[in-house]
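One structure is given here, and the rest of the page talks about it.
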Number of protein chains: 2
Amino acid sequence: MAATDWPVSVDSRPDTLGVLGGMGPLATVDLLSKLIAVTPAKQDPDHIPVIVSSEPHIPRRVAAFLDPEKNDAPAAAIRARRDRLIDAGARCLVMPCNTAHYWYDELTADCPVPFIHIVHATADELVRRGLSSGTLGLLGTEATLAGKLFETPLVERGYRCIAADDAVMREFARPGIDMVKQNRIADAEPLLRRAVDAMLDQGADAVVLGCTEIPAGLPMQDPWARKHCVDPTEALAQAAYAWACDVRAAEGL
Amino acid sequence: MAATDWPVSVDSRPDTLGVLGGMGPLATVDLLSKLIAVTPAKQDPDHIPVIVSSEPHIPRRVAAFLDPEKNDAPAAAIRARRDRLIDAGARCLVMPCNTAHYWYDELTADCPVPFIHIVHATADELVRRGLSSGTLGLLGTEATLAGKLFETPLVERGYRCIAADDAVMREFARPGIDMVKQNRIADAEPLLRRAVDAMLDQGADAVVLGCTEIPAGLPMQDPWARKHCVDPTEALAQAAYAWACDVRAAEGL
């Protein structure tokens with residue numbers, strides 16, 4: 001379908017969420033699970049309608065950020081999926097991949113529907129959690145950390161940030177992320193816990209899990225995780241649910 | 001998008017799966033999780049591309065089957081989502097809702113892509129499990145059981161079938177299914193276990209979990225479940241993965 005089909009289809013419910021996923025697939029499933037978990041529902045129609053593109057062939061985000069000369073940028077492929085989701089009825093977009101948010105401006109430049117930014121959702125979640133100041137440990141991909149995707153806006157909001165160092169990335173975070181992409185959760189979990197613990201040892205009051213594979217690989221219902229971790233995927237689910245509630249209220253649904 | 005846009009879009013990968021979901025939403029997430037679990041993947045692009053419509057406002061399937069005079073049939077709403085998925089690039093369809101398969105003929109009559117039937121996938125899984133004869137307990141919705149969705153084809157294949165009786169449905173299966181639709185897994189699990197145990201007590205060699213909420217509410221990795229239960233959702237994931245492998249082999253992907 002071509003992007004010339006704007007405006008968005010009129011036969012979809014106005015609370016239909018679009019998910020630009022597959023980066024990776026398990027992180028997308030994690031977002032969908034968390035959207036269900038944050039939705040109080042007595043029966044099927046209480047849930048939010050969702051259209052998902054889980055496309056694991058989007059060009060690699062970390063490689064494109066770190067070495068743009070040698071690697072395709074993902075923005076064109078993501079825009080193509082964005083347009084399909086809108087044509088299929090999505091009225092708001094989310095993208096459960098932190099690194100892909102480097103191309104957020106390109107993805108939203110001519111976007112006819114709202115597109116919730118994962119970092120903004122996370123900043124709102126921090127405030128909801130009572131964490132309106134203090135020191136945050138930052139985990140993520142090498143690209144998320146090098147490009148300060150979370151660090152710049154969080155420092156602007158008055159937080160002190162400690163980004164994971166090379167040793168934490170090499171020994172715990174990177175192998176943990178790769179294992180989640182291979183669906184090896186049991187292997188990934190102890191490594192990801194050690195990455196969080198390393199950030200706490202370095203003085204973090206809480207740790208932002210700034211790569212969607214990380215909360216997908218940790219048992220986020222566990223009291224340890226709920227106490228020490230901030231989950232951008234759950235924050236995105238909360239923000240999407242709040243958007244849908246606003247639409248339902250405005251439209252009398 | 002109108003169904004007049006056939007043939008399917010040429011810019012999607014030929015191994016793109018479409019999921020007609022939201023009946024209910026957690027069962028859809030369960031299918032997506034199981035598709036990931038059955039896919040051997042070293043990195044994102046090894047996974048299968050998927051487009052999902054999770055639409056919880058499809059008219060109620062059980063009510064439509066049991067009292068078609070008073071309730072809207074779901075087929076038109078499902079067909080509309082089917083067409084959107086195909087327009088968005090889906091090259092094969094699955095529907096993680098057993099009851100909705102009553103309308104399978106209507107849904108596939110003019111469908112330009114393959115549409116894997118959940119009961120056929122389950123029958124294949126039985127054979128793969130070495131269960132090519134014997135007695136099967138059948139759990140499901142009131143509609144699935146009354147309409148013999150599994151019973152008729154399984155009896156044709158030579159199985160003896162015992163469908164859940166009213167007491168099992170009323171005390172265990174129906175409240176368990178409803179709790180899964182409310183995301184109350186911890187409450188649902190003991191009820192669903194008792195439903196399975198009741199069928200084993202009645203002489204079943206294995207129990208077919210013929211409503212997608214049931215395996216979504218049971219820990220299917222548990223040795224007890226793997227020994228006694230047959231999971232149509234996992235069977236559907238296996239069949240979808242096999243379809244994608246065939247396409248990849250044929251297209252040299």
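The values are calculated or read from the model by the stated rules, or taken from the named source; none is laboratory data. Model, not experiment: these values are computed from the prediction. So basically every Cβ, Gly included, is an ideal-geometry build from the backbone, and we count neighbours across all protein chains shown. Accessible surface areas use protein heavy atoms only, side chains included; no ligands, DNA or RNA. Shrake-Rupley method; radii C 1.70, N 1.55, O 1.52, S 1.80 Å.
A few comments on the model shown:
- Shielding by partners, peptide B:34-47 (average Cβ within 10 angstrom, other chains): 6
- A simple packing score, the average count of other Cβ atoms within 10 Å per residue, orders the peptides A:44-53, B:174-183 as A:44-53, B:174-183, with the highest score first.
- Angle between chain B longest axis and helix B:118-128 axis [Cα atoms, degrees, rounded to 10]: 70
- Those residues of segment B:167-186 for which accessible area with every protein chain present is at least 10 Å² below the isolated value (1.4 Å probe): B:181, B:182, B:183
- Overall dimensions of segment B:119-231 as given by Cα atoms, namely Rg and Dmax in Å: 12.8, 37
- Nonpolar atom fraction for segment A:18-76, defined as the carbon and sulfur part of the 1.4 Å probe accessible area, stands at 52 percent.
- Remark: accessible area buried at the B-A interface is about 3400 Å², both chains counted, probe radius 1.4 Å.
- Cα pair distances in chain A, grouped into 10 Å bins until the bin that holds the longest one, percent each: 7, 32, 36, 20, 5, 0
- Tilt relative to chain A, helix A:232-251 - C-alpha long axis, 0 to 90 degrees, to 10: 30
- For residue B:229, distant residues with modelled amide H under 5 Å away: B:207
- Order by protection proxy (mean Cβ within 10 Å, highest first), peptides A:15-27, A:218-230: A:15-27, A:218-230
- With only the Cα atoms considered, segment A:1-124 has a convex hull volume of 113 Å³ per residue.
- Evaluated at q = 0.09, 0.13 Å⁻¹: base-10 log I(q)/I(0), Debye formula over Cα of the protein assembly as shown: -0.62, -1.27
- Unsatisfied cross-links (Cα-Cα over 30 Å) in the set B:70/B:148; B:70/B:227; A:227/B:181; A:34/B:148: B:70/B:227; A:34/B:148
- Phi angles of segment B:71-85 translate, via the Karplus equation with coefficients 6.51, -1.76, 1.60 and θ = phi - 60°, into HN-Hα couplings of 10, 5, 6, x, 4, 5, 5, 5, 4, 4, 5, 4, 5, 5, 5 Hz per residue; Gly and Pro are given as x.
- Closest approach of a chain A beta carbon to the axis mapping chain A onto chain B (residue, whole Å): A:52, 2.
- In chain A, the longest principal axis of the Cα atoms and the axis of helix A:25-38 are about 70 degrees apart.
- For segment A:184-201, putting each phi into the Karplus relation 6.51 cos²θ - 1.76 cosθ + 1.60 with θ = phi - 60° gives couplings of 9, 5, 4, 6, 6, 3, x, 5, 5, 4, 5, 4, 5, 4, 4, 5, 5, 4 Hz, in residue order, rounded to whole numbers and with x for Gly and Pro.
- One Cα centroid belongs to segment B:48-105, the other to segment A:112-149; the line between them spans 37 Å.
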